[in-house]
1. Where does region 1-48 land on the Kirkwood hydrodynamic radius, alpha-carbon pairs, in angstrom?
2. Would you mind checking region 90-132 for residues with the amide N under 17 Å from a putative spin-label position 7 Å along Cα→C-beta of Arg7?
3. Determine one quarter of the surface area of the Cα convex hull of region 17-97, which equals its mean projected area, and express it in nm² to one decimal.
4. Could you tell me which residue out of Asn125, Leu99, Leu37 lies farthest along the dipole of the chain toward its positive end? Charges go on the beta carbon: Lys and Arg +1, Asp and Glu -1, centred on the Cα centre.
5. Evaluated at 37 °C with a viscosity of 0.692 mPa s, what Stokes-Einstein diffusion coefficient in µm²/s does the chain have when Rh comes from the Kirkwood expression over alpha-carbon pairs?
6. Under a 1.4 angstrom probe, counting protein chains only, how are Lys103, Lys72, Lys139 ranked by accessible area, largest first?
7. How far apart, in nm, are two points set 7 Å out from the Cα along the Cα-to-Cβ line at Glu41 and at Gln86?
8. Within 10 Å, at most 13 other Cβ atoms, and a DSSP state outside H, G, I, E, B define an exposed site. Report the longest part of the chain free of exposed GluC sites (Glu not before Pro).
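The values are calculated or read from the model by the stated rules, or taken from the named source; none is laboratory data. Treat the numbers as computed from the prediction; the structure is a model and nothing was measured. Because the Cβ atoms are built from the backbone with ideal geometry, glycine has one as well, and the counts that use them run over all protein chains shown. Keep in mind that these areas ignore ligands, DNA and RNA; they rest on the heavy atoms of the full protein, side chains included. Shrake-Rupley method; radii C 1.70, N 1.55, O 1.52, S 1.80 Å.
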Amino acid sequence: MHGLDIRDSRADDLSAIENLYPRAFPDEDLVPLVRQLLTQEHDILSLIARTGETLAGHILFTICGMTGDDAKAALLAPLAVEPQWQRQGIGTALIREGLTHLKSAGVAHVYVLGDPAYYGRSGFNPETGVAPPYPLPDKYRAAWQSLSLGAALPPDHGKLKLPDVWMQPALWGP
């Protein structure tokens, strides 16, 4: 998208980021999760997209590990785009930029719980080998997806190991 600037978020972006999530997700309260990830000591990648002086989108990746594999992994979540800027490629641009940063940092695999049609456009595929921290309801199984950043995918077992902020069953189900 022309005129889109993507950069690492900074502490002075926190207020604008927190204001974005209720507009992008009016039926979910993601602000406490986002605030914890941005203000506590977590290994994260946080990127914002701006059009001029306007915050158009935000993405977070939590760097983590997996049981049974030494490779570095990341969880993509959450991703938000201002409603008036949706369907213009901003989310895809944030994902692409994030994946580039993660690959450079030695992250081997990225996981996401989200719409398969949306994330599939960025190369994500259904994940059956590495499990999320909590069992998913049947209707969410296809939403658990992964993308390899050049490394072989781990064996057909294991579980994503995430920081405590992610260890809330409500984040993984209806």
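1. Computed over Cα pairs of region 1-48, the Kirkwood hydrodynamic radius comes out at 11.8 Å.
2. Backbone N within reach: 94, 97-98.
3. The orientation-averaged projected area of the Cα hull of region 17-97 comes to 6.3 nm².
4. Asn125
5. 200
6. The ranking, largest first, comes out as Lys139, Lys103, Lys72.
7. Result for the modelled spin labels: 3.8 nm.
8. 54-174
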